[in-house]
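K.L.:
Once you've had a glance at the structure underneath, I'll fire off some questions.
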Amino acid sequence: MVLRPRSSKCFTGQQVYLDRLKHYFSIQNGNNIAAGRSFLIYGLGGVGKTQIALKFAEDVSSHISDSLKGISSIPDAKKANVGRTPEAVLYWIASLSKEWLLI
């Protein structure tokens, strides 16, 4: 099981921003998730940027899991016999000598 922080149980509102994120990262052309896209959330401290990001991650967690599983099919992962589970992929990424940032 992949452990990650959860959004606050008191999180409310901000649906417009969650909808924008979901639309921006939604499936494009009917079957491909937009790859290599980034989205900047900015604002003053304490306005809820982290909570929006955490809530978005919760809402799309099944897509995130599928994406992690998909990494196991890239050539380097295949050579390393990486299993098709999110945990196996994360373990493999952590073992690489290259620097990675996964949010």
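The values are calculated or read from the model by the stated rules, or taken from the named source; none is laboratory data. Computed from a prediction, not measured in an experiment: that's the story for all the values here. SASA here: full protein model, heavy atoms, side chains in, ligands and nucleic acids out. Shrake-Rupley method; radii C 1.70, N 1.55, O 1.52, S 1.80 Å.
K.L.:
Provide the solvent-accessible area of V82, counting protein heavy atoms only and rolling a 1.4 Å probe, rounded to the nearest 10 Å².
P.N.:
20
K.L.:
Can you give the accessible area of E87, probe radius 1.4 Å, in Å² rounded to 10?
P.N.:
80
K.L.:
Let me ask something else about it. Mind checking which lysines have their Cα closer than 29 Å to the Cα of K79? Skip sequence neighbours fewer than 8 apart in that chain.
P.N.:
K69, K98
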